[in-house]
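Worksheet for the structure shown next.
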Amino acid sequence: RGWKDKEKDKDKETPIATKTPARIRDKAVDVMSEYKVQRGSGKNLINLVVVGHVDAGKSTLMGHLLYLQGNVGQRTMHKYEQESKKVGKQSFMYAWVLDDTEEERSRGITVDIAQRMFESDTKIITLLDAPGHRDFIPNMITGAARADVAILVVDASTGEFEAGFESGGQTREHALLIRSLGVSQLVVSINKLDSVEWREDRFKEIKHSLRQFLKTVGFKDADVVYIPCSGLTGENLVKPSTEEKLLSWYAGPTLLQAIDQLKV
């Protein structure tokens, strides 16, 4: 048998199986137009991962921010509103901007990593919305490994912050993982603060608990920003708040401004 026959035999060999990586749901992108926009803008490019305990409101928070930024059209948003109403999940309408698979919408949780692009005043941001459920930690790590900076979302509702922060919750685990993967700059979104009437004492209580913990895993105080907000109402996401109860004690940045100020 000649060398040609041997080469044919090689071609027939069974290929080595490889593990399928976690899926990242990218929307179709016109690469050349994106490249021109990014090169011509002079803005810094950053990868931003959003993490936190399941049901902290990550997808709703970022879906609403994208809508307020003009990244989601009114017609599309109206469609999500009508569809979510039909299945009795109207509060999920903004989450559906990012959670766009049938499994995610039926279960009400993020499974894969959703990826979108948006801009702040000084940055072009690739958003990576990571799963919060403990079953999908490998997918969360896939997203976090690509990140330059992170948003840690916590639920300020009575008892919900504690459920995510104490043993068995994902808040601590996610914070530890993103720090171990090299993320040093963090925005903490204290979400759903409207559910406790925008109380300053609740904000301070959560901030104190997180601040002590984040220091122990290696985050510096100067690199962490705490933002009171509501993903569902859109309060303090893009535009300064008009909520009097919040304005009575808070004069800091919006969530978008905090992202814009991260020093990458």
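As a rough guide to protection, the peptides 147-155, 236-244, 86-94 ranked by mean Cβ packing within 10 Å, highest first, stand as 147-155, 236-244, 86-94. Other residues with beta-carbon under 11 Å from the beta-carbon of residue 262 carry, at +1 per Lys or Arg and -1 per Asp or Glu, a net charge of -1. For the range 179-264, a crude dipole built from +1 on the beta carbon of Lys and Arg and -1 on the beta carbon of Asp and Glu, taken about the Cα centre, is about 380 debye to the nearest 20. Computed from backbone phi, the HN-Hα couplings of the range 216-231 come to 5, 9, x, 7, 8, 3, 5, 9, 10, 10, 10, 10, x, 6, 9, x Hz, rounded to whole numbers (Karplus: 6.51 cos²θ - 1.76 cosθ + 1.60, θ = phi - 60°; Gly and Pro given as x).
With a Förster radius of 45 Å, plug the Cβ-Cβ distance of residue 213 and residue 78 into 1/(1 + (r/R0)^6) and report the FRET value to the nearest 0.05.
Taking R0 as 45 Å, the efficiency between residue 213 and residue 78 is 0.65.
Computed from the coordinates by the stated procedures, all read-outs in this text should not be read as laboratory data. This one's a predicted model, so the numbers in the text were calculated from it and none came from an experiment. Positions of Cβ are generated from backbone atoms using ideal geometry, with glycine treated the same way; all protein chains shown enter the neighbour counts.
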